[in-house]
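> Sharing a structure, written as structure tokens. Questions coming.
The values are calculated or read from the model by the stated rules, or taken from the named source; none is laboratory data. On a predicted model such as this, the values are computed, not experimentally measured, just so you know. Here the Cβ positions follow ideal geometry from the backbone for every residue, glycine too, while neighbour counts run over all protein chains shown.
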Amino acid sequence: MTITVPNPNRTSITERAQEILDGPAESKLPKLYVAVTHVTRHFGGPEEGGWWYDHTSIEDVRRVFGSEGVIAALEKLDREYPEPRYNRNSVLGAAGDYEFTVCADQDDFPEETTERPRYE
């Protein structure tokens, strides 16, 4: 998130950031989050002819207000994270896919892959 301070003498960057995150006091719009995840496919092992798994990492999270904020954030993120030439299922490239998720709470973010799964 880029935060600009119109007049650095008038307010500090942290105060301005908090104002942006909290939104206007009179606003009754719901706070929502737009999460960007990067999903890549990895080779898991040679068992039973080979198996693959998806590795998910959270690339970016934006806090927005209301449906207009969600739409604006999705349009901006779509430009910042363009669709790769090849998706994660392609044999032609190792690029992953960017997925956008709208969440109502921080607990709803997609789970990141923290360890390599094991074959059982």
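> Quickly run through the stretch 59-76 and pick out the residues that are aliphatic (A, V, I, L, M) and outside any helix (DSSP H, G or I). So that I can check it myself, show each step before the final result.
As a first pass, look at the stretch 59-76 and keep what is aliphatic (A, V, I, L, M): 61, 64, 70-74.
Selection gives V61, V64.
For (1) modelled with pLDDT under 70; (2) outside any loop (DSSP other than H, G, I, E, B), each residue gets a yes or a no:
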position: V5; (1), (2): yes, no
position: R10; (1), (2): yes, no
position: Y33; (1), (2): no, yes
position: T37; (1), (2): no, yes
position: D78; (1), (2): no, yes
position: E83; (1), (2): no, no
position: L92; (1), (2): no, no
position: T101; (1), (2): no, yes
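> So which residues in the stretch 49-73 are out of contact with any Leu (no Cβ under 9 Å at 6 or more places or on another chain) and touching a residue at least 40 places away in the same chain (Cβ under 8 Å), if there are any at all?
If the condition is that a residue be out of contact with any Leu (no Cβ under 9 Å at 6 or more places or on another chain) and touching a residue at least 40 places away in the same chain (Cβ under 8 Å), then W51, Y53, D54, H55, T56, S57, I58, V61 are the ones that fit.
> Which members of the stretch 60-86 meet the condition of being in contact with a helix residue (DSSP H, G or I) (Cβ under 9 Å, 6 or more places away or on another chain) and of a type in the set (V, I, T)?
The answer is V61, V64.
> Further, regarding this structure: If you go through the stretch 31-70, how many residues are exposed (fewer than 13 other Cβ atoms within 10 Å of the Cβ) and either over 26 Å from E120 (Cβ atoms) or β-branched (V, I, T) (or both)? First the steps, then the outcome.
Of the stretch 31-70, the ones exposed (fewer than 13 other Cβ atoms within 10 Å of the Cβ) are 43, 46-52, 67-68.
Filter once more, keeping what is either over 26 Å from E120 (Cβ atoms) or β-branched (V, I, T) (or both): 67-68.
So the count comes out to 2.
> Taking the condition more than 28 Å from P117 (Cβ to Cβ), not hydroxyl-bearing (S, T, Y) and not in a loop (DSSP other than H, G, I, E, B), does R41 pass?
Numbers: more than 28 Å from P117 (Cβ to Cβ): no; not hydroxyl-bearing (S, T, Y): yes; not in a loop (DSSP other than H, G, I, E, B): yes.
No: the conditions fail for R41.
> Do we have T114 as within 18 Å of the chain's Cα centre (by Cα) and touching a residue at least 24 places away in the same chain (Cβ under 8 Å) here? It would help to see each step written out before you state the result.
Values: within 18 Å of the chain's Cα centre (by Cα): yes; touching a residue at least 24 places away in the same chain (Cβ under 8 Å): no.
No; evaluated as a whole, the condition is false for this residue.
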